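This report refers to the structure that appears directly beneath it.
The values are calculated or read from the model by the stated rules, or taken from the named source; none is laboratory data. Predicted model, so just to flag it, every value in this text is computed and none were measured. Heads up, the Cβs are rebuilt from the backbone with ideal geometry, glycines too, and the neighbour counts pull from every protein chain shown. Heavy atoms of the whole protein, side chains included, go into the accessibility calculation; ligands, DNA and RNA do not. Shrake-Rupley method; radii C 1.70, N 1.55, O 1.52, S 1.80 Å.
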Amino acid sequence: MNIHVIMKRTFDTEEKIVIENGAINESGAAFIINPYDEYAIEEAIQLKEHHGGQVTVVTVGDQESEKELRTALAMGADKAVLINTQEDLEEGDEYTTAVILAEFFKKNAFDIILGGNVAIDGGSGQVGPRLAELLDVPCVTMITKLGIHEKTAVIEHDIEGDIETVEVSLPLLVTAQQGLNEPRYPSLPGIMKAKKKPLEELEFDDLALEKEDVKTKTITIDMYLPPKKEAGKILNGELEDQVIELVNLLHNEAKVI
Ligand SMILES: Cc1cc2nc3c(=O)[nH]c(=O)nc-3n(C[C@H](O)[C@H](O)[C@H](O)COP(=O)(O)OP(=O)(O)OC[C@H]3O[C@@H](n4cnc5c(N)ncnc54)[C@H](O)[C@@H]3O)c2cc1C
């Protein structure tokens, strides 16, 4: 089975994030594999363990992404591909990333592509579904269980407050939700082996794309941290008076009614 994972390197939102001149100051940020992509990598490795085949992890990023790709190799992936856009593209959005990945997959056969449900930094959850659309394959998002029998997949996925079971044909793209599995930690032998596993690097020029083809569809106008939460107010007195004051506050201060 030809298994691919699309993986994003993200900054760790558990760490302190500093915004300077309308952008995140990356020099102080800690970087990790997007946590939802860890579920995708684990599921890909389990698929290989059950069905045989090869797991390839693909990232659109820069040289720094090599570290996270090596971690994926240490977990058990067989091959990594870095599509390095650092030199050729100054900006990109979900559209850019999806078009670049689609171009890669047009030349690289796959039975299944696994991604994360959402990236914890950008948080749009768009790359997976956009890529599936461009490749014209079925897409199931937020999956919590995956079973493959020959050319058919039976999948459970989250639908607000419930679980839906769907049957789809391969090739397909799925995005992983928390609960799909328990991602393994890279073992010491895994880390040693990862150093010798293939990590292919492609540049934008290696793809049959022009810069115009990947021009962003969105513009970031401003970026700021949410305002600090103010202390709550406790209303006292008769219940009727409290209700009047609450309505007054919601109307005049919070301006929500
Ligand atoms: C050339 C270029 C420059 C960029 N510059 C900036 C910048 O200056 N600032 C900034 O904040 N962002 C930048 N980005 C990132 C971009 O704006 C989006 O953050 C990114 O395309 C994905 O959107 P998202 O984070 O909302 O991911 P989501 O759509 O929420 O991600 C869902 C899933 O899609 C997959 N995925 C997402 N991104 C990638 C990827 N890069 N490679 C492989 N798989 C992926 C993963 O499986 C992930 O779990 C740049 C992207 C490119 C290509």
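On the full set of protein chains, 1.4 Å probe, figure out the accessible area of Val60 and give it in Å² to the nearest 10. Answer for Val60: close to 40 Å² accessible.
Test of the criteria: in region 164-252, which GluC sites (Glu not before Pro) are in a DSSP loop and have at most 13 other Cβ atoms within 10 angstrom of their Cβ?
Glu210, Glu230, Glu238
Out of region 29-104, which GluC sites (Glu not before Pro) are coil in DSSP terms and have no more than 13 other C-beta atoms within 10 Å?
Sites meeting the loop and neighbour criteria: Glu87, Glu90, Glu91.
State in Å² the accessible area per residue of region 92-239; use a 1.4 Å probe, count heavy atoms of protein chains only, and round to the nearest integer.
Solvent-accessible surface per residue comes out at 65 Å².
Accessible surface of the chain, 1.4 Å probe: 49 percent of it comes from carbon and sulfur atoms. Placing pseudo-labels 7 Å out from each Cα toward the beta carbon at Lys217 and Glu90 gives an inter-label distance of 2.3 nm. Simple rule: put +1 on each Lys or Arg Cβ and -1 on each Asp or Glu Cβ in the chain, find the dipole, and look at Met1, Asn25, Gly237; the Cα lying farthest toward the positive end is Met1. For the pair Ile244 and Thr144, label points projected 7 Å from Cα toward Cβ lie 4.8 nm apart. Considering only Gly128, Val55, Leu114, and ranking their Cα positions along the charge dipole of the chain that arises from unit charges at the beta-carbon of Lys, Arg, Asp and Glu, the one farthest toward the positive end is Val55. Per residue of the chain, the DSSP helices (runs of n ≥ 4 H) give a summed -39500 (n - 2.57) that works out to -8500 deg cm²/dmol at 222 nm. So which lysines pass the test for Lys255, namely a Cα distance under 25 Å, with those fewer than 8 places away in the same chain ruled out? The reachable lysines, counting only those whose Cα sits under 25 Å from Lys255, are Lys228, Lys229, Lys233.
Solvent exposure of region 1-49 amounts to 47 Å² per residue of accessible area, where only protein heavy atoms count and the probe is 1.4 Å. The charge dipole of the chain, taken about its Cα centre with unit charges on the Cβ atoms of Lys, Arg (+1), Asp and Glu (-1) only, comes to about 920 debye.
Restricting attention to the chain, close to 40% of DSSP beta bridges with both partner residues there are antiparallel.
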